[in-house]
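Let me begin by presenting the structure, written as structure tokens, before commenting on it.
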Amino acid sequence: MFNKIIAILIIIIIILVGLFMYIYYSMESAQETTWESHDSVDEAGFNPDALNEARKYYESINSTAAMVIYKGKILFSWGDVAKSTNAHSIRKGFLSALIGIEENKGTLILNNTLEDYQIDDKPPLSFLEKQAMLSHLLTSTSGIYLPAGEESWGMRIARPSRGSHLPGDFYYYNNWDFNALGTIYNDQTGRDLFEDFAEKLAKPLEMEDFELSHTNYKYENTRSQHPSYLFRMSARDMARFGQLYLQEGEWNGEQIVPKEWIKKSTTAQTDVPSNTIFDYGYLWWVATEAPFSDLKMYSAVGRYGQSIDIIPELDLVFVNRVDSNRVSFKLTRSSVNDLQRLQLLQLILDAKRAE
């Protein structure tokens, strides 16, 4: 009897070890990449001990993946950088790129109004609201204060009363504006923004984890007839998108996004009085206070701690992710706030040796 128990235990251990090895190598395989890496952080000009301190801080907060691309090569990747999770408001940076491509072609015109684009909602827009221009939606200053899909509780509470501001006069982070932009894009191009993202951005950038099945329109018709356009994306695919912007829209000798649009969209277009670090461009956050403004940093930022931070002065892209799809997150809402994310980024930048 004793021998049988021992035999069963050995079999169980073998099975568990085999299962562990399978999961381990599957994860390692999943994170293999075509991107070139620096031979060492030391040779790349970063202090290894200082980066270790940054890693300890990363592990002390609720980030689930982080990645730095420095001078076009991977400096480090922490956590599961291959897992595609909810991109949250980083989606707006993706749409900004697509709009820039179409604006360059003349399909979309920044000074055209919602009346020109035949945009309405339920309840109907007023005559004044219909005078909001495409540029106002891009800067979240439309003056249209209606319920919207994917609107957080905080956004609902902060939403101004309808008719309280003219188009272009007042910044309010407004999902109505962002979702209506998706409708305008699809209506004016006669195409689908997800399919265009796949063809015009994901494919030429050789994104390694993106699939069309990772996108969906979320309809909340009791709020608005304009759906939210949602993406799930991995940290390493976000890094490619950030690198595209760092390279002023050029990838492998091809101009993917117009250089002029990169500059325009990542330049502060409207003041954000409630934010002491960033103002707003065309769906991008632009650092206007030191030390990040000195580095010309601009960012795509999403709920719970998602970010693509692009730092032209250092030729560096930083990506931070919080997997809000995991079961534990749904129970605890363990997110990373802006101060924690920027503290992590600062620790990484502090590890950079002077050249």
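The values are calculated or read from the model by the stated rules, or taken from the named source; none is laboratory data. All values derive from a computational prediction rather than experimental measurement. When the accessible area is computed, the model is the full protein with side chains, heavy atoms only, and any ligands, DNA or RNA have been set aside. Shrake-Rupley method; radii C 1.70, N 1.55, O 1.52, S 1.80 Å.
Can you tell which of LEU246, LEU75, LEU212 shows the greatest fluctuation in a Gaussian network model of the chain with Cα springs below 10 Å? Top of the fluctuation ranking is LEU212. For GLN255, no residue whose modelled amide H falls within less than 5 Å of its own remains once neighbours fewer than 5 places apart on the same chain are excluded. A straight Cα-to-Cα reach below 18 Å connects LYS200 with the lysines LYS92, LYS105, LYS259, residues fewer than 8 places away in its own chain not being considered. Residues whose amide H lies under 5 Å from that of PHE46, counting only those 5 or more places away or on a different chain, are ARG353; hydrogens are built 1.01 Å from N in the peptide plane. Scalar couplings 3J(HN,Hα) for the stretch 274-287, obtained by applying the Karplus form with A = 6.51, B = -1.76, C = 1.60 to θ = phi - 60°, are 7, 10, 8, 10, 10, 10, 10, x, 9, 6, 10, 8, 10, 5 Hz; x denotes Gly and Pro.
Amide hydrogen proximity for ILE74: with H placed 1.01 Å from N in the peptide plane, the residues at 5 or more positions away or on another chain lying under 5 Å are GLU36, SER37, HIS38.
The orientation-averaged shadow of the Cα convex hull for the stretch 49-108, equal to a quarter of the hull surface, comes to 6.2 nm². Once the convex hull of all Cα atoms in the stretch 84-221 is built, its volume per residue stands at 112 Å³.
For the stretch 307-323, putting each phi into the Karplus relation 6.51 cos²θ - 1.76 cosθ + 1.60 with θ = phi - 60° gives couplings of 7, 10, 9, 10, 10, x, 5, 10, 6, 9, 10, 10, 10, 10, 10, 10, 6 Hz, in residue order, rounded to whole numbers and with x for Gly and Pro. Taking all protein chains into account, the per residue accessible area for the chain stands at 47 Å² (1.4 Å probe). Note on the stretch 210-263: with neighbouring protein chains present and a 1.4 Å probe, carbon and sulfur make up 44 percent of its accessible heavy-atom surface.
Scanning the chain for helices, which whole DSSP H stretches are 24 Å or more long along the axis (Cα) and average 1.0 or more by Kyte-Doolittle? It would help to have the intermediate numbers written out before the result.
Working: long enough: 2-30 (42 Å, 1.96).
Helices meeting the span and hydropathy rule in the chain are 2-30.
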